[in-house]
Amino acid sequence: MVLRQSAVVRVVSVACAALALSVSAPAIAGATATAGSGPVKVGDVQKAMAALVKTGHVVGAIGEVYVNGKRAATGSAGSRLLDGKGGAIPSTARYRIGSQTKNMTATVALQLVRSGKLKLDDKLSEVLPETAEKDLVEQAGEITVRNLIQLTSGIPDFLGPDIHALDPTVTYRPADLVAASRKRQRPSPIGTFNYSNTNYILLGMIIERVTGHSLAAELDRRIFAPLGMRDTYLPVKAAEGIKGPHGHGYMPDETGKLLDVDQLNATTLLGAGGVVSTARDVSAFQRAFVQSKLLPDSLRAVITDPVPGQQPPPQGGPCAGNPSFAPRGGSAPGFTAVTYTSPDGRLQFAVSATVAMNDAERAAVGRLIDQALTSVFCPAAG
């Protein structure tokens, strides 16, 4: 299982059989809206989603474009279930945003820093003494809150054969996930970037210790409610799935049979990748984040600035910088979700794709979603 937040995922794809196409509400094709200093031409999102499904890798795809906080275009293609079953997915449906959750968890932690309840240089062993006392984390006395946010702690990922992320009948405590990571070999020294979900499980634990409230409650109080993200929530029960109509994802078992993996174990996701949202809501978050409405620039940079060992974000984007977009993405078995945001926060393109393929093949969906962005905002470059 992989929960990734990255710019653009580039892996050679393997074609699957083409899936049926169905459309929900009419798309707004060829719309023109104003952002910043002038009009922005928005291409046919419906056509882009249909093209995404026709690649044969995608069961269902939904996308929405927002300009200055207003929906400018929508699209929905494919179906809720495999083989064209279940009807279309409304573009307003909820979906898992994967590791876009990390951005939210880090924002809450940095709001605690801003209020003086936490410091970036606080040691893990100080804010969570059990990590040292119970030997849950190697070098807990040297790892800081900043290291956790920036993924430079060197703590291994907890994901492995002893954590059953696809089994919603097992309940894990956050400490169980951290203990599982202790069994893995340390992949990098402190101070060097290494992607590990355990960092954000620990950040969630710290937020709960400092505030006395659950991470789900703090996300709702500090982010979801203030931004009007009324359809967004963090599932915390193992079998708690996505509320309302939504697309199902699939992956093959050892025999090649496709299994429905819609009900991922929520207790293995949490602050690392568990948030369920909508295109509207996640666009509202990314817009507020980029426009420094949630954090001052100095603290926002803790999340956005590259660190040693981390690849800097690509410059320009598929439209040669006109317009320019920065992507935030997340994926796990059965889905990939990406939200593209312009540097000034005025433009968002939020896409969710449910897929039927293994992990290696699924990584290619990020490239296909990039192509959807190109077709919507810069068709001449496509």
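No lab work stands behind these numbers, since they all come straight from the coordinates. Quantities reported herein were computed from a predicted structural model and do not represent experimental measurements. Because the Cβ atoms are built from the backbone with ideal geometry, glycine has one as well, and the counts that use them run over all protein chains shown.
Scanning segment 241-274 for residues that are of a type in the set (Ser, Thr, Tyr) and touching a residue at least 12 places away in the same chain (Cβ under 8 Å) returns 250, 267, 268.
Would you confirm whether any residue within segment 276-291 is within 20 Å of residue 158 (Cβ to Cβ) and crowded, with 18+ Cβ neighbours inside 10 Å? No, every residue in segment 276-291 fails to be within 20 Å of residue 158 (Cβ to Cβ) and crowded, with 18+ Cβ neighbours inside 10 Å.
Report yes if some residue within segment 91-101 is touching a residue at least 60 places away in the same chain (Cβ under 8 Å), assigned to a helix (DSSP H, G or I) and over 30 Å from residue 248 (Cβ atoms); otherwise report no. Within segment 91-101, not a single residue is touching a residue at least 60 places away in the same chain (Cβ under 8 Å), assigned to a helix (DSSP H, G or I) and over 30 Å from residue 248 (Cβ atoms). Residues that are over 19 Å from the mean Cα position of the chain (by Cα), farther than 18 Å from residue 100 by Cα and of a type outside the set (D, E, K, R) number at least 1 in the following helices (runs of 4 or more DSSP H) confined to segment 226-338: 297-304. Residue 103: closer than 28 Å to residue 278 by Cβ and of a type in the set (S, T, N, Q), yes or no? Against the criterion (closer than 28 Å to residue 278 by Cβ and of a type in the set (S, T, N, Q)), residue 103 qualifies. Residues in segment 150-190 that are in a loop (DSSP other than H, G, I, E, B) and either among the charged types (D, E, K, R) or in contact with a Cys (Cβ under 9 Å, 6 or more places away or on another chain) (or both): 157, 162, 167, 173, 183, 184, 186.
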